[in-house]
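K.L.:
Below is the structure I would like to discuss, written out as structure tokens.
The values are calculated or read from the model by the stated rules, or taken from the named source; none is laboratory data. Quick caveat: nothing in here was measured; it's all calculated off a predicted structure. Neighbour counts run over all protein chains shown; Cβ positions are idealised from the backbone, glycine included.
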Amino acid sequence: MNVSKDLIAASATPLILAILKEKDNYGYAIIKRVREMSENELVWTEGMLYPVLHRLEEQRLIESYWDTAETGRKRKYYRILKQGRQELQQQKRQWEMIHAALTKSWNEER
Amino acid sequence: MFDLETQIRSWSDHLRAHGNFTEADLSELESHLRDQIEDLETSGLSAEEAFLIGVKRLGNVDAISHEFAKVNSENLWKHLFVEPVDPQARQQNRRDLGLVVLFALLAGTLIKVPGWFGLGFDAPGADLFYVKNLSLFILPFIAAFFMIRRGAPARAWLAILAIFAGSALLINVYPSFEPHNTTYLSGLHLPLFLWLVVGVTYIGQEWRRCQGRMNFIRFSGEAFIYGVLVFAGVMVLGGFTTMIFQAIHVDVGRFMEDNYIIYGVCFTAMITVYLVEAKRSVVENFAPILARIFTPLFLVTMTVFLVVMVVTGQSPFLEREFLIAFDFMLAMVLGLVLYVISSRDLNQPANLFDYLNLALIAVALLIDAAALSAIVFRLSAFGITPNKMAALGENLVLLGNLAGLAWLYVQYFRKKCAFIKLEQWQTAYFNGYAVWLAFVAFVFPLLFGFK
């Protein structure tokens, strides 16, 4: 499905935070996870993920560290911080509120 | 044949050229790309297909670079002193810094050693000694720094050591008689010769190759600029120290003269070498920018000079000082041309600066031809001295270099040869400089009876 750019941008933060809440992860795996969770519907321009991650890091919602994978390759992992968890809670409430409002409006249409 | 490693490297170089990525960003993106390629390969694609799809999925480079620029706007300024991320590079970086400090201290102490044996700066005859030997105190350490960094084989260590030791021996065994012209000439030419030897250690194994030599030319330009800046800082710190101690009536002048200046110079040399080595891929080179700014200005000045010379019918002056001025002009022009060339992409078509370069060389050749004809005539009338011969020789060597460049430029504009020919000519010509510099430093004293 083609999702509008604005919507992708707006949903990126909560999606990333939610994925990192499961466990620490690196960029490529985060993208795979997004695809998995949206059943291949949500496809990101992969390069765009990293500026977003770096911005979240700057806002102290997440932090990063380098680690070596089993394959011997270095990977940059991201970990969610306390502030990030709070932000995720807040986003969750906002999205639920919007979702509820939209659902209601669509039910009334019928 | 598709080579994945080469492709990945040229892809990351392409990103790097955009300038908005930190090295950490690049290795993160590269790691992503490799994960992607591996996954695609397991699902049955060839390496080439996997690479193409992986790059495509990462998205439009301009757009990504733009996004990174927003996040990185201020980090990009701090680059040079960021510790490398991976532990191995970090360890190497620490070792290099350790070497810088150690070598600066060693070089400084080495300069002070003659003083302990009664050959301090004030001792009679000391000035000649230091004129001859100054380069031998610092340059060997720079050479050693590069050889350690490059992991040079024992054979290279021996060869370089032999050159330095041989130079030191020869130059100090030679006697020196009034008016010491050949000694001063040696003192002037030896550092330049040894700098080229340092160049061999900088380039390493492939010191005969064109690209390695071009890199050393780039390195030299940057090192000069950084050296001047660092040294300015050293002087400011020195002046400041003297001043605040004056305020409490403690005279540190003597200490500053004996220690600070010496160690300051050695430290400047070593830290400059380290910085330029570290910054290579990080910060845009400055020497080419300077060259581009001053090429048109020099061209205008020299053209006006040429016109005035012809119109007024004044022959360029015939004294040695003026010959040296023309040597300086040629060296200057060569420097400008060289640094414009050094930042040029080999495959890009001829641009404005190529034409400016040729014009600059042409004007310089005309001026020099006029000067030279007058001087050769005078030389035969007034007799030969080592200084005149050195100045004349310099002039001819530089003239040959520039004439060759002009000829190749013309060929290049007529599409008779590729641009790489110019670089090859220029870098090969450095053999000529090495020979000439060594000749003046080591053979001139013999020829002119050490006078």
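K.L.:
Can you tell me which residues in region B:343-388 are within 25 Å of B:Ile420 (Cβ to Cβ) and buried (at least 21 other Cβ atoms within 10 Å of the Cβ)?
P.N.:
Within region B:343-388, B:Asn357, B:Leu360, B:Ile361, B:Ala364 meet the criteria.
K.L.:
Given the criterion assigned to a helix (DSSP H, G or I), within 26 Å of B:Glu38 (Cα to Cα) and of a type in the set (Lys, Arg), identify the matching residue among A:Arg75, A:Arg33.
P.N.:
A:Arg33
Each row is one residue, and each column tells you yes or no for (1) surrounded by 13 or more Cβ atoms within 10 Å (Cβ to Cβ); (2) closer than 20 Å to B:Ala107 by Cβ; (3) at pLDDT 85 or above.
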{"site": "B:Arg213", "(1), (2), (3)": "yes, no, yes"}
{"site": "B:Phe224", "(1), (2), (3)": "yes, yes, yes"}
{"site": "B:Val236", "(1), (2), (3)": "no, no, yes"}
{"site": "B:Thr241", "(1), (2), (3)": "yes, no, yes"}
{"site": "B:Val250", "(1), (2), (3)": "no, no, no"}
{"site": "B:Gly253", "(1), (2), (3)": "no, no, no"}
{"site": "B:Thr268", "(1), (2), (3)": "yes, yes, yes"}
{"site": "B:Ile271", "(1), (2), (3)": "yes, yes, yes"}
{"site": "B:Ile293", "(1), (2), (3)": "no, no, yes"}
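K.L.:
What are the residues in region A:43-85 that are charged (D, E, K, R), loosely packed, with under 13 Cβ neighbours inside 10 Å and within 10 Å of another protein chain (Cβ to nearest Cβ), if any?
P.N.:
A:Glu58
K.L.:
Quick test of your reading of the structure: B:Gly264 fulfils all but one of (1) surrounded by 18 or more Cβ atoms within 10 Å (Cβ to Cβ); (2) in a loop (DSSP other than H, G, I, E, B). Name the failing condition by number.
P.N.:
(2)
K.L.:
For region B:357-451, list the helices (runs of 4 or more DSSP H) that sit wholly inside it and hold at least 2 residues that are among the hydrophobic types (A, V, I, L, M, F, W, C), farther than 17 Å from B:Leu192 by Cα and without any contact (Cβ under 8 Å) to a residue 24 or more places away in the chain; which are they?
P.N.:
Result: B:386-413.
K.L.:
Still on this structure, I have one more. Considering B:Leu29, B:Leu105, which residue is at pLDDT 85 or above, surrounded by 14 or more Cβ atoms within 10 Å (Cβ to Cβ), within 10 Å of another protein chain (Cβ to nearest Cβ) and on the phi < 0 side of the Ramachandran plot?
P.N.:
Residue meeting the stated conditions: B:Leu29.
K.L.:
For B:Ile142, work out the one condition from (1) touching a residue at least 12 places away in the same chain (Cβ under 8 Å); (2) more than 22 Å from the chain's Cα centre (by Cα) it doesn't fulfil.
P.N.:
Of the numbered conditions (1) touching a residue at least 12 places away in the same chain (Cβ under 8 Å); (2) more than 22 Å from the chain's Cα centre (by Cα), the odd one out for B:Ile142 is (2).
K.L.:
Right, here's the next one. Counting just the residues of region A:6-42 that are over 14 Å from A:Leu88 (Cα atoms) and of a type in the set (Asp, Glu), which one comes out farthest from the other protein chains (Cβ to nearest Cβ)?
P.N.:
Restricting to residues being over 14 Å from A:Leu88 (Cα atoms) and of a type in the set (Asp, Glu), the top hit is A:Glu39.
K.L.:
So for region A:84-102 (the condition being of a type outside the set (Val, Ile, Thr) and touching a strand residue (DSSP E or B) at 6+ places or on another chain (Cβ under 6 Å)), does at least one residue qualify?
P.N.:
Looking through region A:84-102, at least one residue is of a type outside the set (Val, Ile, Thr) and touching a strand residue (DSSP E or B) at 6+ places or on another chain (Cβ under 6 Å).
K.L.:
Is one or more of the residues making up region B:33-45 at pLDDT below 90 and more than 14 Å from every other protein chain (Cβ to nearest Cβ)?
P.N.:
yes
K.L.:
Condition (residue is of a type in the set (D, E, K, R), surrounded by fewer than 16 Cβ atoms within 10 Å (Cβ to Cβ), within 25 Å of the chain's Cα centre (by Cα) and at pLDDT below 90) applied to region B:176-192: is it met by at least one residue?
P.N.:
Checked region B:176-192: no residue is of a type in the set (D, E, K, R), surrounded by fewer than 16 Cβ atoms within 10 Å (Cβ to Cβ), within 25 Å of the chain's Cα centre (by Cα) and at pLDDT below 90.
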